[in-house]
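Computed from the coordinates by the stated procedures, all read-outs in this text should not be read as laboratory data. What you see is a predicted model; the values in this text were computed from it and never measured. Ideal geometry is used to build each Cβ from the backbone, glycine not excepted, and the neighbour counts take in all protein chains shown.
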Ligand code: PGA
């Protein structure tokens, strides 16, 4: 990856984790007194665990992120969470536009861009997710779709701000399938160009994470590819014993 990029390995717990799961986060943090390759490590638990995890991991190397944020700062939005609430609970990062939000909650690129703006306004660093479906890949449209998502999901206010982009092919999430190395390399190069096109030189510093069935067995190979600046890890981030070797593969 380019020298200007600081890698990020982020674990997305999705709708998993109760209080007892904090033990996994603690095991991870205790093992990571130092993180290799100047990388950053984050866990993104469900909203209910953010505050407790922030307390438990205070002073550790592990950062805490949320999995979604509402575009508005406050108001009558039952069940939603504002960026300032996440920051107040101890989050410093937030995943925005995950494909599970885009498909199950109908989030559009424009919604994602508004969420990114809300995150930045409260000092949260966004991890913006993009990725094509299997149909889109098979019909040769993957790069056009993903670059279109970048264009629509990255607001101009990202210029000068810290953020990352996660490339997660929808068909690779939770399936055990991954794109070929060539496909990952080509897509990450296209994403870099699209990011720089959108937000200028700031875009050279953004880490481009790969996500979708990252496991201890494939992490080293994927993380070594050009322009892969880390990983967004779902299932394999739930247990420290699985997540640690992925972090150490950087
Ligand atoms: P997975 O999920 O690692 O379980 O495939 C990745 C993600 O959705 O972020």
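Quick notes
- Burial ordering of 105, 70, 98, 188, fewest other beta-carbon atoms within 10 Å first: 105, 70, 188, 98
- Between residue 145 and residue 224, the distance separating the two model label sites (each 7 Å from Cα on the Cα→Cβ line) works out to 3.0 nm.
- For the chain, the antiparallel share of DSSP beta bridges with both residues in that region comes to about 0%.
- Neighbour-count order for 47, 243, fewest beta carbons within 10 angstrom listed first: 47, 243
- Fewest-first ranking of 178, 103, 202, using other Cβ atoms within 10 Å as the exposure measure: 103, 202, 178
- FRET efficiency, residue 15 to residue 244 (Cβ-Cβ, R0 25 Å, nearest 0.05): 0.65
- In terms of its C-alpha gyration tensor, the range 1-86 comes out oblate, because a/c is 1.5 or above while a/b does not outweigh b/c.
- Shape category assigned to the chain from the gyration tensor of Cα positions, a/c cut at 1.5: rounded
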